Each structure stands twice: as C-alpha cells, then as structure tokens.
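In what follows, a single structure is set out as structure tokens and then discussed.
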Amino acid sequence: MAALLEKWKLKKMMLASMGILLAGLFSTFFMKQSWHLIIIWGTILGLGSSLLLTVLSPYVANHWFKEKRGLATGILAASTATGQLLLLPILAMIIENYSWRWAIGFIIAILMVMTLIIFFFMKNSPKEMGILPYGQLEEMEETKNTQHGNPVVVAFGGLAEAVKKKEFWLLAGSFFICGCSTMGLIGTHFVSYCISFGIPLVTAASLLSFMGIFNILGTTLSGWLSDRFDNRWLLFCYYLLRGTSLVVLPFLLMNGHIAWLIVFTVFYGLDWIATVPPTINISRQIFGVQKSAVIYGWVYAAHQAGAAFAAYGGGLVYKYFNTYTWAFFMAGIFCILASLFVIVIKKQQH
C-alpha cells in the first residue's frame, strides 16, 4: 500500500480504498457460506482498510508537515479509536433492535458520504492548495523520488534494504509484540476473560469501549511527546508499563477488584496505540522521509502478524488450560522483552 501510495498519490488511493470497502460491504449481503465471510471480510475488506490503518498517517505527516510530525501522526492514529468509540455502540444498538443487515447498510451510507467528501475536497499535497507544509518557511526544490516505480518492486526493494539493518528487526519485533498485546489479545479475548470471572458481558464490553476514550488522549499525547523526547525511551516506557499491567491483570480479576480493573482500563487505553507515533518517527529517522512509509508498512505487517498470532494462540491457551491467564502472563513478559528491543536501537540524529 505504501508503494502504491507513492505512485498513485493520496486522493486516488483513498478513493480506491473506499471503493474496495464498499464492494466488500455490499458483498456481505450475499454471503451464504462460511468461506464467503473469510474471503469478503478477511481479504476484500482487509485490503480496503489496509491503507487507512497503516501507511496513511506517516504519508500525511511526511508530506503535509515539516514540524510537529509526531503530533500529526498521533492525531491521525487516534482517529481509528474515535471511529470505534463512536460507531461500535451505535452498530450494537442497530443489530440488537433490527439486524446486522441494517448495521452494514449504516456503514455503507457513511462510507458513501466520506467517498464524496474525499472526491470533492481531498488534495494530494499542500502544493495543490497553494500553501507550504506546516512549519516550512520557504518552498524547497523537490528531490527526485525513487519511490515512483513498479509498486511491487518498490515495496520489496524497501524490504530488501530494511532487513540489512538491525533497527528494522528490532522495530518489527517490538511491533509484533505490540500487535500481540493489543488487537490480538485484549481486542479479541479481554471480554471473554472478564466473563470467565463472572463479570457481566455488558460490563466487560463497556470496559473495552472505555479504553477507546483514553486511546484518543494517549495516542495524541504520545505524538506530542515524540516531537520533544527520545522516541526510544518513550517506547521503552510504553512497553514496560504495558507488560507490567498485563502481568497484574489476572490478579485483579482473581480478587474481584473492579475499581482497579477500571484503572487498568484507563491505563491500557492510554497505552493502546501510543507506540505508533514513536515507531513511525524512528523509521523516518533511520530510513529517511521518502522511504519511511514503505518501511513502516512492513513494520506494521509484523504488528498484524502478531495480532493474528495472539488471537489464535490465546484461543489455544484457553482450549488446553481452560483459562486465559497464561496467555496474559506471557504477553506481559513479551512486552517487557519488547522494551529491551527498542532501547538498544542506536540513537538517531534528527
């Protein structure tokens, strides 16, 4: 997606992503077999959302901002949590009172409105609006961009260059663990884990959605901090504190400390995707502005692999041990390991 974005530019790629999402959602109405769900939601919708969830933030920050790129990235990353926060309760209500078809129709309507907004108002760069990137005082001569070739060649060429640097492996490894501990574990198994301790479904789901509120604040604040402090130490603190909280969570549930569970929810929400702005900044510092979006796309692929690993692995742990406790313990230990990964990255000059 990052390579295509460099070639086709922002507006065209956003419209293509919206078109793919609309096609996938319309196809949902005609599902009849389980494999239809896998193809439509696992492949088509996954492809359509991959731009908006991965490389859009670093691309916009790189091209529209000269200063405060971390803050811009944090706000864009937090917007995904905002969508979940606003839409999930509405969709749940529609499904409960009507049906899932009405919920899909509601999403389609929103997407169609957003597609029109993008078509009429979205610009590829500040230059198309006659302005300079934020923080840039004078127009600079454009450097030759080597990312405009065949997207497949550009993507795998970027990967071939990245794998030669240990920093890439450290970032990818830490982001794999990030995916494990957020989308894969908490996002998939947190509600079920709470229910296993007698917490009602609505309460458990509310705790999860409560994380979304603080996710917005935490990720935006992380972006602001990443413009001012060493991004390695920010990531070190995020992973270390996240790992500690995951190790503590089973004890909170075992002892029925609802108040402390709420504290955990607030803290975990603040830390949920706070790792994104510093990770993008380090990628930009190591690989340069032009290549950072492509490289970050590969780093994010490790994140999604980690999410898939934990989602499946957590289910296996429950199947064999009849509890999720060991899955959360192991995720906590892995997060502490990730904190060591990022701190050994060599400090880069801005």
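Readers should treat all values here as calculations from the given coordinates under stated rules, not as data from a laboratory. Just so it is clear, the structure is predicted and the values come from calculations on it, not from any experiment. Quick reminder, even Gly has a Cβ in these numbers, built from the backbone with ideal geometry, and neighbours come from all protein chains shown.
Numbers at a glance
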quantity	calculated
Unit charges on C-beta of K, R, D, E only; dipole of the stretch 96-250, Debye	420
Around Ile282: net Lys/Arg minus Asp/Glu count, Cβ-Cβ under 9 Å	+1
Structure-based [θ]222 nm, the chain - -39500 (n - 2.57) summed over DSSP H runs of at least 4, per residue, nearest 500	-24500 deg cm²/dmol
Distance from the stretch 199-277 to the stretch 1-58 (C-alpha centre basis), Å	29
Unit charges on C-beta of K, R, D, E only; dipole of the stretch 222-350, Debye	300
Proxy reagent accessibility, fewest Cβ within 10 Å first, across Ser79, Ser50, Ser34	Ser34, Ser79, Ser50
Listed residues Gly158, Gly218, Gly135, most fluctuating in the chain (Gaussian network, C-alpha, under 10 Å)	Gly135
